[in-house]
Amino acid sequence: MTLLLDRVTFTYRRRQRPVLSQFTYEVPAQGLTILLGPNGAGKSTTLSLLAGTVEPTAGRVLFSDSNVTSETREFRRHVAWLPQRVPTSPQLSAREYVAYMAWLKGENRADAWARAGVALEQVGLAEQSGQKTASLSGGQLRRVGIACALAHDARVILLDEPTAGLDPHQRSVFRDVLGEIAASVPVLMSTHDVIDLADAADTVTLMASGRVRHHGGTKSFLDHARSEAAPGRRAESAYTALMGLDGSR
Ligand SMILES: Nc1ncnc2c1ncn2[C@@H]1O[C@H](COP(=O)(O)OP(=O)(O)OP(=O)(O)O)[C@@H](O)[C@H]1O
């Protein structure tokens with residue numbers, strides 16, 4: 001599996017300056033990659049382009065060497081995508097909703113229903129699976145969205161700030177789930193939870209102003225931390241140093 005942006009330029013309507021310009025980025029083919037960066041860095045735009053939900057102004061999005069814009073159906077079957085705002089159907093129960101999304105991704109009805117049950121269990125929502133999505137909390141809805149990403153045969157999983165709105169316990173549950181999933185399917189996720197997740201990631205990509213500022217294994221990211229940083233603060237310290245927020249750039 002390869003999924004990449006090849007010299008992509010992207011400009012939002014009614015904006016003059018492109019958010020991304022001649023931007024090339026390949027999703028690492030294995031493990032968990034976290035996409036870090038300040039607000040407005042271009043993380044969501046990058047993920048939306050990789051997910052095929054927006055089209056580049058110029059350049060190509062390639063999935064296993066096929067141009068995504070021309071192979072959209074096949075591509076959507078194999079790419080799981082959780083946007084920042086999880087779209088739901090309030091009249092459906094959590095399980096019906098997840099099963100419906102899996103069916104849209106090409107699972108047959110029986111498999112979609114079975115997989116929805118397993119995915120909701122994975123995200124700790126087994127007890128709420130019969131509840132209408134309209135009655136779920138924001139954090140629970142986010143977990144329903146994560147379950148949708150897990151309920152079909154994805155070859156790559158893209159998650160835009162999946163931990164936003166989760167309480168500390170659920171964040172740690174999610175981290176464990178993610179570790180299990182990323183062992184077999186590559187996962188790229190954006191996050192602001194640097195401290196929580198940098199240690200769990202295999203690869204860290206740091207974006208700023210539409211460019212990759214740092215990309216590499218987690219160790220090489222953490223090596224940028226100040227030597228006096230406490231063990232629990234190394235990721236934050238590395239982020240600060242690489243962003244030049246400590247006056248080093
Ligand atoms: N729908 C839109 N229309 C116009 N401009 C947009 C739109 N969405 C994002 N932008 C702009 O594009 C730039 C990149 O935004 P993007 O959401 O990709 O950043 P981000 O790194 O995901 O930020 P955050 O951490 O706040 O989610 C920002 O300047 C933002 O204001």
- Put +1 on the Cβ of each Lys and Arg and -1 on the Cβ of each Asp and Glu in the chain; which of ALA114, ALA183, ALA225 then has its Cα farthest toward the positive end of the dipole? ALA225
- List every residue whose amide H lies under 5 Å from the amide H of ARG155, counting only residues 5 or more places away in sequence or on a different chain, with H placed 1.01 Å from N in the peptide plane. VAL79, ALA80
- Message: Given Cα positions, please report Rg to Rh for the chain, the hydrodynamic radius being the Kirkwood one.
- Response: 0.97
- Query: Given a Förster distance of 22 angstrom, what is the FRET efficiency for SER227 paired with HIS192, based on the Cβ-Cβ distance and rounded to 0.05?
  - Reply: 0.30
- Which order do LYS43, LYS219, LYS105, LYS132 take by accessible area at a 1.4 Å probe, largest first? LYS219, LYS132, LYS105, LYS43
- the chain: most fluctuating residue of ARG85, ARG15, ARG142 per GNM, C-alpha cutoff 10 Å: ARG15
- About the Cα centre of the chain, what is the dipole size in debye to 20, counting +1 per Lys and Arg Cβ and -1 per Asp and Glu Cβ, all else neutral? 860 debye
- Note on the structure: Output row, site GLU55, 7 Å Cα→C-beta label point, backbone N cut-off 17 Å, window region 13-28, residues 13-14
- Dividing the alpha-carbon radius of gyration of region 87-172 by 2.2 N^0.38 Å (N being the number of residues), what value is obtained? 1.00
- Note on the structure: The ³J(HN,Hα) series, computed from each phi in region 89-103 with the Karplus coefficients 6.51, -1.76 and 1.60 at θ = phi - 60°, rounded to the nearest Hz and given as x for glycine or proline, is 10, x, 7, 8, 6, 4, 5, 4, 5, 5, 5, 4, 5, 5, 5
- Task: Pick out which of ALA147, ALA230, ALA238 has the largest mean-square fluctuation in a Gaussian network model of the chain, springs linking Cα atoms closer than 10 Å.
- Result: ALA230
- Local net charge near SER209, Cβ-Cβ under 12 Å (Lys/Arg +1, Asp/Glu -1): +4
- Message: Normalised radius of gyration for region 130-240, please: alpha carbon Rg relative to 2.2 N^0.38 Å, two decimal places.
- Response: 1.17
- Query: Among LEU49, ALA201, VAL123, whose Cα sits farthest toward the positive end of the charge dipole of the chain (+1 at Cβ of Lys/Arg, -1 at Cβ of Asp/Glu, about the Cα centre)?
  - Reply: LEU49
- Note on the structure: In a Gaussian network model of the chain with springs linking alpha carbons closer than 10 Å, the residue among LEU188, LEU104, LEU47 that fluctuates most is LEU104
- Message: Can you give me the C-alpha center-to-center distance between region 172-249 and region 51-126, rounded to a whole angstrom?
- Response: 26 Å
- Task: Return the sequence-ordered ³J(HN,Hα) values of region 155-164 in whole Hz as given by the Karplus equation 6.51 cos²θ - 1.76 cosθ + 1.60 applied to θ = phi - 60°, using x for Gly and Pro.
- Result: 9, 8, 10, 10, 10, 9, 6, x, 8, 4
- Net charge near PHE23, counting Lys/Arg +1 and Asp/Glu -1 over other residues with Cβ under 15 Å of its Cβ? +3
- Task: Just the number, please: carbon plus sulfur as a percent of the accessible area of region 1-156, 1.4 Å probe, no ligands or DNA/RNA counted.
- Result: 45 percent
- Percent antiparallel among DSSP beta bridges (both partners in the chain, rounded to 5): 55 percent
- Query: Classify region 39-115: rounded, prolate or oblate, from the alpha-carbon gyration tensor (a ≥ b ≥ c, eigenvalue square roots; a/c under 1.5 rounded; otherwise prolate if a/b is larger than b/c)?
  - Reply: oblate
- State the extension gain, in nm to one decimal, for the chain segment bounded by LEU104 and ASP6, taking 0.36 nm per residue of separation less the distance between their alpha-carbons. 32.5 nm
- Heavy-atom accessible area per residue, region 113-170, 1.4 Å probe: how many Å²? 40 Å²
- Task: May I ask which residue of ALA149, MET1, LEU136 lies farthest towards the positive end of the charge dipole of region 1-149, with charges of +1 (Lys, Arg) and -1 (Asp, Glu) on Cβ and the Cα centre as origin?
- Result: LEU136
- Message: Per DSSP helix of 4 or more residues, -39500 (n - 2.57); summed, then divided by the residues of the chain. What does that give at 222 nm, rounded to the nearest 500?
- Response: -10000 deg cm²/dmol
- Average Cα contact separation per residue, the chain, under 8 Å, 6 or more apart, as relative contact order %: 23 percent
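The values are calculated or read from the model by the stated rules, or taken from the named source; none is laboratory data. What you see is a predicted model; the values in this text were computed from it and never measured. Here Cβ is always computed from backbone atoms with ideal geometry, including for glycine, and neighbour counts include all displayed protein chains. These area figures cover heavy atoms from the full protein model, side chains too; ligands, DNA and RNA do not enter into them. Shrake-Rupley method; radii C 1.70, N 1.55, O 1.52, S 1.80 Å.
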